[in-house]
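Asks: This is the structure I want to talk about, given as structure tokens.
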Amino acid sequence: SRTTAETLSAYRQVFKTEPPKKLIRYAGHTFEDRAAARATVCSADPNIQAILTESDISAAGAFKNAQTHKLPVIVIGQGNQLISRLLGFSSIDQHLTEIGKEAVKLVLDGDHRESNLLVNFDVHWRL
């Protein structure tokens, strides 16, 4: 996904190296898949401190699995969906509704050029 590509790019910029392959997992589509991916990542590096997922649904599986196994790992999802608020894990809100509205406005205005509109994001820390 675009979000994953940008997250990996940010890692490279900050740490001046590629992220270790053993710490990246592309999990399936179910809650159970994400829980299994969390287990695999944490067994690859037992000192892992945080897991960043591509969505709050992905984070929910990792979060519940970490709770079950009493692992001191911070799980961060993306989307700031209801599930992150109910379960109490952190989430990044990219304001996708605002981005969608702006995209529709560009189309309806007949403006088909690439837009450089900046939309801020918020990190909702729930520790």
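The values are calculated or read from the model by the stated rules, or taken from the named source; none is laboratory data. These numbers come from a predicted model, not from an experiment. Ideal geometry is used to build each Cβ from the backbone, glycine not excepted, and the neighbour counts take in all protein chains shown. When the accessible area is computed, the model is the full protein with side chains, heavy atoms only, and any ligands, DNA or RNA have been set aside. Shrake-Rupley method; radii C 1.70, N 1.55, O 1.52, S 1.80 Å.
Asks: Restricting the search to region 92-103, which residues are at pLDDT 90 or above and of a type in the set (Asp, Glu)?
Replies: Asp93
Asks: Report yes if some residue within region 2-17 is over 21 Å from Ser84 (Cα atoms), assigned to a loop (DSSP other than H, G, I, E, B) and at pLDDT below 80; otherwise report no.
Replies: No: region 2-17 contains no residue that is over 21 Å from Ser84 (Cα atoms), assigned to a loop (DSSP other than H, G, I, E, B) and at pLDDT below 80.
Asks: Could you tell me which numbered condition Tyr26 fails, if it satisfies all but one of (1) part of a loop (DSSP other than H, G, I, E, B); (2) modelled with pLDDT of 85 or more; (3) open to solvent by 90 Å² or more (accessible area, probe 1.4 Å)?
Replies: Only one criterion in (1) part of a loop (DSSP other than H, G, I, E, B); (2) modelled with pLDDT of 85 or more; (3) open to solvent by 90 Å² or more (accessible area, probe 1.4 Å) is unmet by Tyr26, namely (2).
Asks: If I filter region 65-114 down to residues being polar (S, T, N, Q) and open to solvent by less than 50 Å² (accessible area, probe 1.4 Å), which single residue comes out as farthest from Ala44 (Cα to Cα)?
Replies: The extreme case among them is Gln94.
Asks: Can you tell me how many residues within region 31-47 are under 24 Å from Ala5 (Cβ atoms), open to solvent by 30 Å² or more (accessible area, probe 1.4 Å) and hydrophobic (A, V, I, L, M, F, W, C)?
Replies: Matching residues across region 31-47 total 2.
Asks: Of the numbered conditions (1) of a type outside the set (Phe, Trp, Tyr); (2) modelled with pLDDT of 80 or more; (3) more than 15 Å from the chain's Cα centre (by Cα); (4) in a helix (DSSP H, G or I), Glu32 satisfies every one except a single condition; which is it?
Replies: (2)
Asks: What tally of residues in region 48-63 results from selecting those that are part of a helix (DSSP H, G or I) and either open to solvent by 50 Å² or more (accessible area, probe 1.4 Å) or among the acidic types (Asp, Glu) (or both)?
Replies: Of the residues in that region, 2 qualify.
Asks: Continuing with this model, one more query. May I ask you to list the residues in region 63-91 that are closer than 17 Å to Thr7 by Cβ and at pLDDT below 85?
Replies: Listed by number, the list is empty, since nothing qualifies.
Asks: While we're looking at this one, here's another question. Contact list please: Cβ distance under 6 Å, first residue in region 81-99 and more than 23 Å from Gln49 (Cα to Cα), second residue open to solvent by less than 50 Å² (accessible area, probe 1.4 Å), pairs at least six apart or on different chains.
Replies: From residues that are more than 23 Å from Gln49 (Cα to Cα), the pairs are His95/Val119; Glu98/Val119; Ile99/Val119.
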